[in-house]
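I have placed the structure first, in the form of structure tokens, so that the comments after it can refer back to it.
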Amino acid sequence: MGLTKEVKTKVIDDYQIHPTDTGSVEVQIALVTTRIKMLTEHLQKFDKDESSRRGLLKLVGHRRRMLAYLKRTKYTTYLEIAEKLKLRKK
């Protein structure tokens, strides 16, 4: 249930800071958000899949911690990425 190479490459291209950037916080948040969306769609079809639900909850917590870090260090970037990914801001 991972991301395909094409989807991952497209997400990295959309959110990278410089041409060789593949691991910045912004890219990681975008990749995790894409995985969260895929798992959410999966769980709407297969509502009894508890192991996928646990993985989804772990990803949501991981994204929340990365967003908190980004908010603490680069607030304007945090606002931009939350707007691009259509995430609720606190």
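Observations, loosely collected:
- Proximal charge balance of LYS84 [Cβ under 13 Å; K/R count +1, D/E count -1]: -2
- Based on DSSP H segments of at least four residues, each scored -39500 (n - 2.57), the chain has a per-residue ellipticity at 222 nm of -24500 deg cm²/dmol.
- Rel. contact order, % - alpha carbon contacts under 8 angstrom, at least six apart, the chain: 22 percent
- Mean Cβ neighbour count within 10 Å, used as a protection proxy, ranking 26-38, 64-76 highest first: 26-38, 64-76
- For the chain, the dipole from Cβ point charges (+1 on Lys and Arg, -1 on Asp and Glu) about the Cα centre works out to 480 debye, to the nearest 20.
- Only lysine pairs 8 or more places apart, or on different chains, with alpha-carbon atoms under 16 angstrom apart are counted in region 3-80, and they number 4.
- Positive end of the dipole of the chain (Cβ unit charges, origin at the Cα centre): among THR4, SER24, GLY55, the Cα lying farthest that way belongs to GLY55.
- In terms of its alpha-carbon gyration tensor, the chain comes out oblate; a/c meets the 1.5 threshold, while b/c is at least as large as a/b.
Where a number appears in this text, it was derived from the coordinates with a stated rule and is not lab data. Nothing here was measured: the structure is a model prediction, and the numbers come from that model. Note that each Cβ is placed from the backbone with ideal geometry, even for glycine, and that neighbours are counted across all protein chains shown.
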